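Scroll down for the structure; my scribbles are underneath it.
The values are calculated or read from the model by the stated rules, or taken from the named source; none is laboratory data. Since this is a predicted model, take the numbers as computed values, not measurements. Positions of Cβ are backbone-derived with ideal geometry, glycine not excepted, and every protein chain shown enters the neighbour counts.
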Amino acid sequence: MDLQLAHFFQDSSWIKYASLPLLAALVGWVTNWLAVKLTFYPLNFKGVAPFLGWQGVIPRKAEKMAAIVVDRTISRFGDMDDVFQKLQPEKITEHIISSIEPRIEEYIDEIMYERQAILWDNLPISVKRKVYQWARNQIPKRIEGLVAEFGEELVSLIDIKELFVGELKKDPGIMVRIFQEVGSKEFSFIVKSGLMFGLILGAVQVPIWLYHSDFWLLPLFGFVVGFATNWLALNFIFRPLYPRSFLGLNIHGLFLRRQDDVSDVWSKMVAEELITVEKVADSMVNGRHANRTRAIIQKHIRPVLDQAGILKFVAQLTVGTNGYVELKKALNDKAIEVSVDSFHDTSFNKSRSDVVASAMSERMRSLSPSEFQDVLRPAFQEEEWQLMLIGGVLGALAGLAQWFLIFS
């Protein structure tokens, strides 16, 4: 044995052996980097469906993740009325009114010229002004009643899962951006840890290869390094669930120890990307429960025209009952349009998103470690073996290359 070691250091073979941990470190880094990239990209399937190709794990599992997010966080809000109250409905009312009031004359003119242009052209200016003023007096209390009823019927008007899935189908990159922001430190650790774990595993490989230089060992070692570095990195992020002491060190899953920070970032991103007031309003008007939403709007807006005094009398007298009904329908359609349009305001959406994010973050912070990791991990946990297997295959190929280039 001593002679073998002496021979090892006397010739240049030690340089070849030194390449083992270095190549293992490189394999660990490359395979972990690739695992992270394959988690996010490509956003859409590339290759020959259904098996020869790849789509990023997160874009592919976006719908499942949406369901998990709703079940683990939003559904824990409890009473949706409580959430609505935190949004401060009086501010929503004020915003809608402030958006509509400056354009009341424009909206009325648009409706009348579209449906009853001759009637509107022939009305005296004084009558038109009375109609404008009547609308100004009526709109605030109608909007206030409308917002209040929306708050009471919120659960029956919005399907949060439908909203999430719909947004993610339109833009699968949303969930990618959220995960990249939330897990930036953890994904960076996965890549960097590949070097460290690979170097350690490569060092273990040296004495084995020193006494057993069989060809097949290099691709086997490569496979183990590629597979194991991914496995170790993922487990360091999510395990252990609870802090443990080992040799004086406090060990805790990297992701779990940042629960408060992750909760804040996750909630902020979801609130700004997925649950904006604008998108919720659009979902109410155009989603599964659109008919119910439109009925509520009609209920509150119809009296504006029914109680419009002289305009109602003149309209019924000149265009008849059918023409008057068409006029009311046009008013209702315009009310729906301007109600949604009023939420196309970036600053207002931002202010309300902060409220939603705060409520969601509070819930996430209160989750147990097991529940907390279940928000993000289960949706792509079933894919982890594929990523580790890809890492193993790449490692095996690197082992083959190492044999032919260095040891053959």
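Looking at Leu234, Leu220, Leu199, can you tell me which residue is assigned by TED's automatic domain parsing to the domain that holds Asn250, of a type outside the set (S, T, N, Q) and touching an Asp or Glu at 6+ places or on another chain (Cβ under 8 Å)? Quick ask: steps written out before the conclusion?
On the way: Leu220 fails: touching an Asp or Glu at 6+ places or on another chain (Cβ under 8 Å); Leu199 fails: touching an Asp or Glu at 6+ places or on another chain (Cβ under 8 Å).
Criteria check complete, one pass: Leu234.
Let me confirm something: among Ala315, Ala335, Ala396, Ala379, which residue is among the aliphatic types (A, V, I, L, M), outside the structural domain of Gln85 (by TED's automatic domain parsing) and modelled with pLDDT under 80?
Ala379
From the list Val270, Val265, Val285, which residue is crowded, with 20+ Cβ neighbours inside 10 Å and in contact (Cβ under 8 Å) with a residue 12 or more places away in the chain?
Every option except Val270 fails the conditions.
Taking region 331-365 as the region of interest, how many residues are in contact with a helix residue (DSSP H, G or I) (Cβ under 6 Å, 6 or more places away or on another chain) and of a type in the set (D, E, K, R)?
Count: 4.
Collect the residues in region 242-258 that are under 24 Å from the mean Cα position of the chain (by Cα) and surrounded by fewer than 19 Cβ atoms within 10 Å (Cβ to Cβ), keeping them in residue-number order.
Within region 242-258, Leu254, Arg257, Arg258 meet the criteria.
Can you find, within region 213-231, the residue that is nearest to Val393 (Cα to Cα) among those that are touching a helix residue (DSSP H, G or I) at 6+ places or on another chain (Cβ under 8 Å) and in a loop (DSSP other than H, G, I, E, B)?
Applying the first criterion (touching a helix residue (DSSP H, G or I) at 6+ places or on another chain (Cβ under 8 Å)) to region 213-231 yields 213, 215, 217-231.
From the residues that got through so far, the ones that are in a loop (DSSP other than H, G, I, E, B) too are 213, 215.
Values: Ser213: 21, Phe215: 16 Å.
For region 213-231, the residue satisfying everything is Phe215.
Given the structure, is Lys141 without any contact (Cβ under 8 Å) to a residue 24 or more places away in the chain, crowded, with 16+ Cβ neighbours inside 10 Å, in a helix (DSSP H, G or I) and not β-branched (Val, Ile, Thr)?
no
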